[in-house]
1. Tell me, please, whether a residue that is over 25 Å from residue 119 (Cβ atoms) and of a type in the set (S, T, N, Q) can be found in segment 221-241.
2. Collect the residues in segment 252-272 that are among the β-branched types (Val, Ile, Thr) and open to solvent by 70 Å² or more (accessible area, probe 1.4 Å), keeping them in residue-number order.
3. Please find, within segment 13-28, the residue that is modelled with the lowest pLDDT out of those that are within 19 Å of residue 85 (Cα to Cα) and open to solvent by 40 Å² or more (accessible area, probe 1.4 Å).
4. Does segment 101-119 contain at least one residue that is polar (S, T, N, Q) and within 19 Å of residue 210 (Cα to Cα)?
5. Please work out which one of (1) modelled with pLDDT of 95 or more; (2) surrounded by fewer than 17 Cβ atoms within 10 Å (Cβ to Cβ) is the condition residue 45 fails and give its number.
6. What are the residues in segment 48-66 that are open to solvent by 40 Å² or more (accessible area, probe 1.4 Å), over 18 Å from residue 36 (Cα atoms) and not hydroxyl-bearing (Ser, Thr, Tyr), if any?
7. Which numbered condition trips up residue 167, out of (1) among the aliphatic types (A, V, I, L, M); (2) part of a helix (DSSP H, G or I); (3) under 23 Å from residue 115 (Cβ atoms); (4) touching a Phe, Trp or Tyr at 6+ places or on another chain (Cβ under 8 Å)?
8. Examine segment 107-125 for a residue that is in contact with a Pro (Cβ under 8 Å, 6 or more places away or on another chain) and outside any helix (DSSP H, G or I), and state whether such a residue exists.
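The values are calculated or read from the model by the stated rules, or taken from the named source; none is laboratory data. Note that the coordinates shown come from a computational prediction; the quantities given were computed from them, not determined experimentally. Every residue, glycine among them, receives a Cβ derived from its backbone with ideal geometry; neighbour counts consider all protein chains shown. Note: accessible area is taken over every heavy atom of the protein model, side chains too, but ligands, DNA and RNA are not part of it. Shrake-Rupley method; radii C 1.70, N 1.55, O 1.52, S 1.80 Å.
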Amino acid sequence: MPIDHYENFPVASLLIPARLRPAVETIYAWARCADDLADEGVVAPEQRLSALADMQSDLYRIEQGLVPEQAVAQRLAPMVTQYHLPIGLFHDLLSAFMQDVTTLRYAHFEQVRDYCRRSADPVGRLMLHLYGTVSPENLAHSDAICTGLQLANFWQDVAIDWQKNRVYLPQDSLQQFGVSEGQIAAGVVDTAWKNLMRHEVQRTRSLLESGSPLALVLPGRLGWELRLVIQGGLRILQRIEQVDYDVFRQRPTLKKTDWAVMLWRAYAMARP
């Protein structure tokens, strides 16, 4: 939640206070393990679901104060306790990974958004809990940012997801703009495709921008971290536009030169 659901997860960033880095790295390792079980290799779907169910069982053990069976959950358990992390957020992540195994198409955008609610939003919410900055407004802004990042990854990786027989573009949007799955398979970039992608990029940008006030109210390093993450998502969208929505032949990625732009824009966000 893409090649790597967590490529925007701020793992071991220098902007994260040293005291929180072990917790962030542990949460990331747990999520990465679950994501790999859902997505990597040539394992049969029923085996993937069984392995994810084992991870879910360990979450129940953590809830009950029991020792988890798997090493990755054993490392997670003390972090959940120390920072009072809601265990439901981890269950949400697992439900999204399980859905990746069983669901390959989405009828409309609200279904995609619900997937993002469980595959991406928990990451931001966990970070807010770690920093002790939870509030209804902060959670809403965080959800908008995390969903926006997940969607940006989807539009960046349309061709890669197609190789896995996954289409995150809503089926009703495909119909609305006159784009067929055969066109995705062939990598046809015509006016219909450009209109579809322009539509998805615009609403993704709106989500990221609607959540951006969170980066201005969070203190110090966390605010900087979030401003850079937001700018990364916005820059990917800009890259998609710069290749004229041809994500089949030129997968938009961030290069070293992009980081200078992102740093400047993150700085500009913080200025009154």
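1. No, segment 221-241 contains no residue that is over 25 Å from residue 119 (Cβ atoms) and of a type in the set (S, T, N, Q).
2. Of everything in segment 252-272, just one residue is among the β-branched types (Val, Ile, Thr) and open to solvent by 70 Å² or more (accessible area, probe 1.4 Å), namely 257.
3. It comes out as 18.
4. no
5. Unmet condition: (1).
6. Passing the criteria: 61, 63, 64, 65, 66.
7. Result: residue 167 passes all but (2).
8. The answer is yes; a qualifying residue exists.
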